[in-house]
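**Q** Here it is: the structure, laid out below.
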Amino acid sequence: MTDQPIISVTTEIVGDVALVCIDNPPVNALSVHVRTGIQSAVATINAEKSAKVIAIYAAGRTFIAGADITEFGKPPMPPALPDLLNEVEASEIPVVCVVHGTALGGGLEVALAAHARVGVKGLKIGLPEVLIGLLPGAGGTQRVPRLAGIPVALDMALSGRQMPGAEALELGLIDRLEDGAPRDIALQAGQDVIAGTLETRRTCDLQTTPDDAALDAARAMVEKKHRNLVSPQRCIEAIAASTGPIADGLKIERQAFIDCLATPQRAGLIHAFFGERAVANVPEKKAQPRDINAIGVIGGGTMGSGIATSALLAGIPVTLIEVKQEALDKGVATITGNLDGAVKRGKLSAEKRDATLAMLSASTELQSLAEVDLVIEAVFEKMEVKKEIFGNLDTICKPGAILASNTSYLDINEIATATSRPEDVIGLHFFSPAHVMRLLEIVVADKTAPEVTATGFALAKRLKKIGVRAGVCDGFIGNRILGHYSKTAAYLVLDGATPQQVDQALEDFGFAMGPHKVGDLAGLDIGWMTRQRKAADMPSNERYAGNVADRICENGWFGRKTGQGYYVYEGRDMRPNPEVEKIIAAEREKAGITPRDFTDQDIVDRYMTAMIVEATRVVEDGIALRPVDVDVVFLSGYGFPRFRGGPLHYADTIGAAELVKRIEDYASEDAHYWQVPDLLREMAASGRSFADINKEA
Ligand code: 3H9
């Protein structure tokens with residue numbers, strides 16, 4: 001049997017208009033058969049002169065979402081998009097493009113190469129290539145500045161933002177914005193071109209106005225905010241070249257695109273893009289989620305208020321519960337403050353804020369949760385307290401209501417034993433601030449019903465969060481791994497590095513903040529409590545990692561909120577805390593440690609290797625379904641540099657054999673902490689990668 005060619009581009013001649021329709025579900029990506037289809041349609045219509053105008057539009061929910069990302073990293077297949085678009089632009093028969101939904105990246109570039117563009121209401125356009133480590137590579141850096149100027153091109157290409165159709169019209173990126181079905185609009189647009197009421201012109205014939213000031217400002221912004229990234233710099237270089245002849249600019253753009261395509265950053269960012277979608281592929285995905293029309297949140301602290309804010313912003317009515325009226329009032333005030341913040345940042349109108357707040361009710365009685373569909377408990381982390389609450393919820397809540405805990409480490413199986421309905425119990429672990437952070441760990445206990453898990457994923461989507469399935473263990477995916485590798489930072493400091501050196505090395509690696517700054521921001525008392533909780537279970541041969549941090553906390557220094565921690569905070573300034581230097585020196589002396597030098601690379605290698613070790617165990621133990629689930633947890637909840645793709649994607653760039661060698665080297669210093677996970681040893685022997693394990697899953 002021979003493979004049937006894929007037909008994703010069809011031509012329909014209506015009068016003098018050739019309607020060329022692109023139909024490549026789900027998002028009309030520019031796969032090779034689409035490129036060939038457009039090429040052949042334009043060439044045939046020109047050769048046969050079968051119409052006076054070509055009107056390109058797309059079927060389905062969106063115009064073209066860009067190049068087919070799955071083709072990147074594979075051998076190129078002609079026609080290359082830039083060549084194809086030069087052919088479209090050169091077409092003797094005028095080409096008009098009708099764009100609806102989201103015209104992104106290569107999709108927008110198709111439209112820019114046409115001779116006129118009509119948007120359909122609801123349209124959003126954008127150049128999101130930078131978000132996947134690339135730059136517009138099919139004329140976007142040359143044609144946007146010709147149509148709308150260098151500042152607009154820089155804004156679009158460096159932010160990757162989606163611009164509403166009305167703004168695109170105002171900036172001259174589209175010529176009209178109309179309401180209706182894309183095919184009807186395409187036919188009308190074609191007829192208007194023939195009648196001369198819709199003007200056509202070649203974008204390449206326009207001249208870009210030079211703007212050195214905008215280019216300099218963009219360079220400074222990139223240096224400040226994206227100094228680790230290659231593609232934003234290359235993007236500016238290409239846009240700067242748009243003031244010369246277009247052929248030269250296109251050449252510079254093409255080279256920059258090819259260079260970016262070859263970077264590990266591109267691979268990391270595309271891994272992140274597909275990873276965020278892959279995590280929804282769970283065993284329970286076919287189960288029918290339950291309806292969630294009202295949520296109860298128990299606990300009005302930072303976490304509970306954040307969760308309530310998140311649900312309210314998604315349009316779900318919330319009942320907030322606190323034991324004491326004072327705490328309840330504080331919780332309501334926090335939620336109000338969160339929404340006011342959204343108004344201030346221009347994310348919410350004042351009317352919408354009022355309507356959102358009207359969906360909040362508050363009560364000191366658990367009984368008020370009798371009719372809600374889902375309860376999320378977010379009180380302090382004490383098993384007895386949680387069990388008492390769940391026991392009460394069991395008698396109060398209606399049958400079928402889902403009972404969720406936001407615990408960050410407690411055993412959901414044990415919590416479920418407090419109820420007569422363990423199948424309705426699940427962990428929904430939000431990250432602080434819960435109305436901002438995108439990660440939601442969905443912790444599936446032994447008896448959790450599949451539809452309850454499916455509801456967790458449906459809720460994550462409604463809250464615009466990324467749900468990742470986790471199994472039950474202390475800390476689930478993220479905090480379990482954090483609990484392990486954060487000890488490395490402490491060991492490095494005890495053995496000779498300064499907290500500032502550790503922070504700087506990891507910030508240079510790409511983390512937004514080093515671990516000591518994060519500790520100061522989150523509150524050092526949190527780690528202190530965790531160490532106290534785990535002290536009794538600490539194996540006798542484990543090296544204690546809390547010496548310095550405990551001493552800091554004993555002084556009542558918990559970080560930013562107390563004015564000092566590893567750093568001293570004065571207004572907007574922060575500087576290393578000289579008292580901490582003394583504490584470190586004293587602890588080294590007590591332990592008989594002679595400080596030694598670590599290079600920044602040593603610091604990164606040890607920190608990342610420790611993270612990879614525990615991440616591997618989390619996969620090995622089935623706590624995470626696949627390596628990519630760990631990656632997405634770290635990308636969306638722990639500030640892991642996105643361009644590195646997550647800890648296990650990064651591990652593949654080192655290789656299992658090298659990692660095993662490293663761990664064995666480190667083990668000569670501490671054989672308890674540095675142990676090679678069985679899975680990693682097996683991978684080193686067989687040559688398997690984490691990417692292979694993702695594919696097998
Ligand atoms: C580019 O254009 C380079 C050019 O400048 C130069 C070239 C020479 N390719 O997100 P969803 C899949 S670079 C392949 O869940 P939504 C996606 O994986 C590209 N597949 O839907 C998912 O698959 P599955 C620049 C793609 O409604 C399914 O489609 N463009 C692509 O929430 C549905 O996606 C971009 O970076 C693609 N380009 O959001 C745009 N896009 O069902 C990337 C999506 O198997 N795309 N898929 O999981 C998006 O931002 C969103 O997908 C979009 C729809 C907003 C379009």
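The values are calculated or read from the model by the stated rules, or taken from the named source; none is laboratory data. Not measured: the values here are computed from a predicted model. Neighbour counts are summed over all protein chains in view; Cβ atoms, including those assigned to glycine, are modelled from backbone coordinates with ideal geometry. For the accessible areas, the whole protein counts, side chains as well, though only heavy atoms, and no ligand, DNA or RNA atoms are used. Shrake-Rupley method; radii C 1.70, N 1.55, O 1.52, S 1.80 Å.
**Q** Quick one: angle between helix 383-396 and the longest Cα principal axis of the chain, in degrees between 0 and 90, rounded to 10, please.
**A** Its long axis makes an angle of about 60 degrees.
**Q** Another question, if that's okay. When only C-alpha pairs under 8 Å and at least 6 residues apart count, what is the relative contact order of the chain, in percent?
**A** The normalised contact order for the chain reaches 9 percent.
**Q** Here is a further query. Can you send over the carbon and sulfur percentage of the accessible area for the chain, probe radius 1.4 Å, protein chains only?
**A** Carbon-and-sulfur percentage of accessible area, whole number: 54.
**Q** To one decimal place, what Kirkwood hydrodynamic radius in Å is obtained for the stretch 295-476 from all pairs of distinct Cα atoms?
**A** On the way: mean 1/r = 0.0622 Å⁻¹.
By the Kirkwood definition, the hydrodynamic radius is 16.1 Å.
**Q** How tilted is helix 478-495 with respect to the longest principal axis of the chain? Cα atoms for both, answer in degrees (0 to 90, nearest 10).
**A** Orientation of helix 478-495: about 70 degrees from the principal axis.
**Q** What number do you get for the stretch 493-611 when its Cα radius of gyration is normalised by 2.2 N^0.38 Å, N = residues?
**A** In units of the globular-protein estimate, the stretch 493-611 measures up at 1.06.
**Q** Give me the distance between the Cα centres of the stretch 207-274 and the stretch 61-127, rounded to whole Å.
**A** The stretch 207-274 and the stretch 61-127 have Cα centres separated by 19 Å.
**Q** Give me the three principal axis extents of the stretch 236-317 from the C-alpha atoms, as integers in angstrom, largest value leading.
**A** Ordered largest first, the stretch 236-317 gives principal extents of 62, 31, 21 Å.
**Q** Using only protein heavy atoms and a 1.4 Å probe, report how much of Val318 is accessible, in Å² to the nearest 10.
**A** 0 Å²
**Q** Moving to a separate point now. Tell me, what is the FRET efficiency for Met513 and Asp621 to the nearest 0.05, using R0 = 22 angstrom and their Cβ-Cβ distance as r?
**A** Calculated transfer efficiency: 0.15.
**Q** What order do you get for 288-295, 84-91, 216-223, 517-524 when each peptide is scored by the mean count of other beta carbon atoms within 10 Å, highest first?
**A** 517-524, 84-91, 288-295, 216-223
**Q** In addition: Helix 81-90 sits at what angle to the longest principal axis of the chain, using alpha carbons and giving 0 to 90 degrees rounded to 10?
**A** 30 degrees
**Q** Next question. Loop only by DSSP, 10 or fewer other Cβ within 10 Å of the Cβ. Give me the GluC sites (Glu not before Pro) in the stretch 565-652 that pass, ordered by residue number.
**A** Passing both the DSSP loop test and the Cβ count: no residue.
**Q** May I ask you to order 458-465, 639-646, 556-563 by the average number of other C-beta atoms within 10 Å around their residues, highest value first?
**A** Highest mean packing first, the order is 639-646, 458-465, 556-563.
**Q** Going by Cα centres, the stretch 359-401 and the stretch 618-684 are how many Å apart?
**A** Between the Cα centres of the stretch 359-401 and the stretch 618-684 lies a distance of 38 Å.
**Q** Can you give the extra length, in nm with one decimal, that the chain gains between Glu696 and Ala667 once fully stretched, where that is 0.36 nm per residue apart less the Cα-Cα distance?
**A** Answer, rounded to one decimal: 7.3 nm.
**Q** Just grab the label-to-label distance for Ala247 and Gln162, each label 7 Å out from Cα along the Cβ direction, in nm (one decimal).
**A** So the two model labels end up 3.9 nm from each other.
**Q** Once you keep just the Cα pairs under 8 angstrom separated by 6 or more residues, what percentage relative contact order results for the stretch 132-178?
**A** Working: 24 pairs, mean separation 13.8, N = 47.
Relative CO of the stretch 132-178 lands at 29 percent.
**Q** May I pose another question? Compute the signed sum of charges (Lys and Arg +1, Asp and Glu -1) over the other residues within less than 15 Å, Cβ to Cβ, of Arg353.
**A** Local charge sum for Arg353: +1.
**Q** Hey, if you put +1 on the Cβ of every Lys and Arg and -1 on every Asp and Glu Cβ in the chain, which of Leu19, Thr197, Val222 ends up farthest toward the positive end of that dipole?
**A** Highest projection toward the positive end goes to Thr197.
**Q** Here's something else I'd like to know. Using unit Cβ charges (K, R positive; D, E negative) and no other charged atoms, how large, in debye to the nearest 20, is the dipole of the chain about its Cα centre?
**A** It works out to roughly 580 debye.
**Q** With a cut-off of at most 14 other beta carbons within 10 Å, and DSSP calling the residue loop, which trypsin sites (Lys or Arg not before Pro) in the stretch 325-359 qualify? Please list them.
**A** Qualifying residues, ordered by number: Arg345, Lys347.
**Q** Give me Rg over Rh for the stretch 617-697, both radii from the alpha carbons and Rh done the Kirkwood way, two decimal places.
**A** Checking Rg against Rh, the ratio lands at 0.97.
**Q** Using a 7 Å offset from the Cα along the Cα-to-Cβ direction at both Ser686 and Gln601, what is the distance between the two label points in nm, to one decimal?
**A** So the label points at Ser686 and Gln601 sit 3.2 nm apart.
**Q** Where Rh denotes the Kirkwood radius from the mean inverse Cα pair distance, what is Rg over Rh for the stretch 9-267?
**A** Reported Rg/Rh (Cα atoms, Kirkwood Rh): 0.95.
**Q** Taking the DSSP beta bridges in the chain as the whole, what percent of them are antiparallel, to the nearest 5?
**A** Of all bridge pairs located within the chain, approximately 30 percent are antiparallel.
**Q** Rounded to whole Hz and in sequence order, give me ³J(HN,Hα) for the stretch 91-97 from the Karplus expression 6.51 cos²θ - 1.76 cosθ + 1.60, θ = phi - 60°, writing x for Gly and Pro.
**A** 3, 6, 7, x, 10, 10, 10
**Q** Along the three principal axes, how long is the stretch 146-208 when you take its alpha carbons, biggest first, rounded to the nearest angstrom?
**A** Here the Cα extents, ordered largest to smallest, are 36, 27, 15 Å.
**Q** Run down the lysines and flag those whose C-alpha is under 21 Å from the C-alpha of Lys661, throwing out any fewer than 8 positions away in its chain.
**A** Here the lysines satisfying the reach criterion relative to Lys661 are Lys487.
**Q** Sketch the reach of a paramagnetic label on Lys561 as a point 7 Å from Cα along Cα-to-Cβ, and name the residues of the stretch 513-550 whose backbone nitrogen lies under 14 Å away.
**A** 519-530
**Q** So what's the back-of-envelope 222 nm ellipticity for the chain, counting only DSSP H runs of four-plus at -39500 (n - 2.57) apiece and dividing by all residues, rounded to 500?
**A** After summing the helix terms and dividing by residue count, I get -15000 deg cm²/dmol.
**Q** While we're on this one: When the C-alpha atoms of the stretch 479-696 are aligned to their principal axes, what extent does each axis show, in angstrom, from largest down?
**A** Largest to smallest, the principal-axis extents are 51, 37, 34 Å.
**Q** Also, I was wondering about something else. Taking a threshold of 23 Å on the Cα-Cα distance, which of the pairs Lys324/Lys352; Lys285/Lys695; Lys347/Lys464; Lys330/Lys561 fall above it?
**A** Lys324/Lys352
**Q** Can you give me the orientation-averaged projected area of the convex hull built on the Cα atoms of the chain, in nm²? Could you put the intermediate results ahead of the total?
**A** Details: hull surface 138.5 nm².
One quarter of the hull surface, i.e. the mean projection, equals 34.6 nm².
**Q** Pull out the extension gain between Thr70 and Lys52, defined as 0.36 nm times the separation in residues minus the alpha carbon to alpha carbon distance; nm, one decimal.
**A** 2.9 nm
**Q** Show which aspartates and glutamates lie in cross-link reach of Lys286 when reach means a straight Cα distance below 14 angstrom and same-chain residues fewer than eight apart are skipped.
**A** Glu451
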